[in-house]
Amino acid sequence: MYKRIIRPLFFLIDPEQVHHFTFFILKLITKIPGVSLLLKKKYQVTNAKLERTVFGLTFKNPVGLAAGFDKNAQLYNELENFGFGFIEIGTVTPRAQKGNPKKRLFRLKSDKAIINRMGFNNKGVAEIVKNLKNRNKHIIIGGNIGKNTDSLAEDYTNDYVSCFKALHPYVDYFVLNISCPNVGSMEKLQDKSYLLELIKAIKNENKTAATSKPILIKISPDLNQIQLDEIIELVLETKIDGVIATNTSVSREALRTASKELSKIGQGGLSGFPMKDKSTAVIRYLATKSNKAFPIIGVGGIHSPKDAIDKLDAGADLVQIFTGFIYEGPSLVKRINNAILKKNEL
């Protein structure tokens, strides 16, 4: 039904407008008594064999929703109905910001892909904390944090620390977004010496809390082997809890979409099916070169159960979906979990 009826209708409308409309509809229908139970019965797979304990947290299944979908923590309770084992909110910045000018979200239908240059649009950490106070405690929530676009370089660390402090009581793990291609002036965040400084500041703040929270970094799929080696060194040196591989890409290689259309779209991060092999290669390199020294969350181009299992086989401990959820529909989570169970039985 989703691919035959719902998706074709949605794809007639601007993707950002559809996103807001979907949020409105899900909020509305789940207020009807019994709807949440029906969605859970249809989409959730409950089996102890799906449980994963990673960086000290026990996930009911290894399939999560990547950051960027529920930026403002408005829909995480409703999204749990679709069977996710965890949901990552954000990217969250200290102050609210509108993001980049519209139009900034584009479908590449022939590639099963999306290009976005949203620019960390969000309502700011104070408003997001208010939304997280309504949290259903059954779902693990990750907090993806970043800096405000207009922050001066000397204020970057303060931006991350302020988000970390405000969100700390309300999320289960943190992701330092250091690799988004859609926010200007990110060069400093690619420098290893600065990342050591940033992670030290975050870890120091973590030590002051009653309970410390896992800290991960989210990396680009466009890093070369030397840069990936530096990421491994960074993780081992700082003893952070893991890596999310990967973010969106600035590459436009091997796309079916015409170059003329791509030129018209312009800059932005590419996500979806074309990222499948690239992100899996990064996961495999990190896992192999580090001798699986730290947990990896695999994300990028997961449009089928096989895509997810390929990432797990490459060394990912958990996976996240985003663009695949849009193109393939909500049944994708259930199909992945069922495929994992079937594989475990072989």
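The values are calculated or read from the model by the stated rules, or taken from the named source; none is laboratory data. Everything quoted here is computed from the prediction, not taken from an experiment. Every residue, glycine as well, gets a Cβ built from its backbone with ideal geometry; the counts of neighbours run over all protein chains shown.
Some values worked out for this structure:
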| read-out | value |
| --- | --- |
| Yes/no for L318 being at pLDDT 95 or above and crowded, with 18+ Cβ neighbours inside 10 Å | yes |
| Restricting the stretch 89-131 to residues that are assigned to a helix (DSSP H, G or I) and touching a strand residue (DSSP E or B) at 6+ places or on another chain (Cβ under 6 Å), the residue that is surrounded by the most Cβ atoms within 10 Å (Cβ to Cβ) | I128 |
| Selection count where residues are outside any strand (DSSP E or B), closer than 23 Å to L236 by Cβ and not small (G, A, S), scope the stretch 285-312 | 10 |
| Residue pairs meeting the criteria (Cβ under 9 Å; at least 6 apart or on separate chains; first β-branched (V, I, T), in the stretch 334-345; second exposed (fewer than 15 other Cβ atoms within 10 Å of the Cβ)) | I340/K49 |
| Residue, nearest to F273 (Cα to Cα), within the stretch 308-328, restricted to residues that are over 17 Å from the mean Cα position of the chain (by Cα) and not acidic (D, E) | I309 |
| Single unsatisfied condition, N247 versus (1) among the polar types (S, T, N, Q); (2) farther than 30 Å from K207 by Cβ; (3) under 21 Å from the mean Cα position of the chain (by Cα) | (2) |
| Some residue of the stretch 274-284 being at pLDDT 95 or above, surrounded by fewer than 17 Cβ atoms within 10 Å (Cβ to Cβ) and acidic (D, E) | yes |
| Residue list for the stretch 265-284, filter: in a helix (DSSP H, G or I) and touching a strand residue (DSSP E or B) at 6+ places or on another chain (Cβ under 9 Å) | I265, F273, P274, M275, K278, S279, T280, V282, I283 |
| Selection count, the stretch 39-52, where residues are over 21 Å from the mean Cα position of the chain (by Cα), farther than 16 Å from G329 by Cβ and surrounded by 13 or more Cβ atoms within 10 Å (Cβ to Cβ) | 2 |
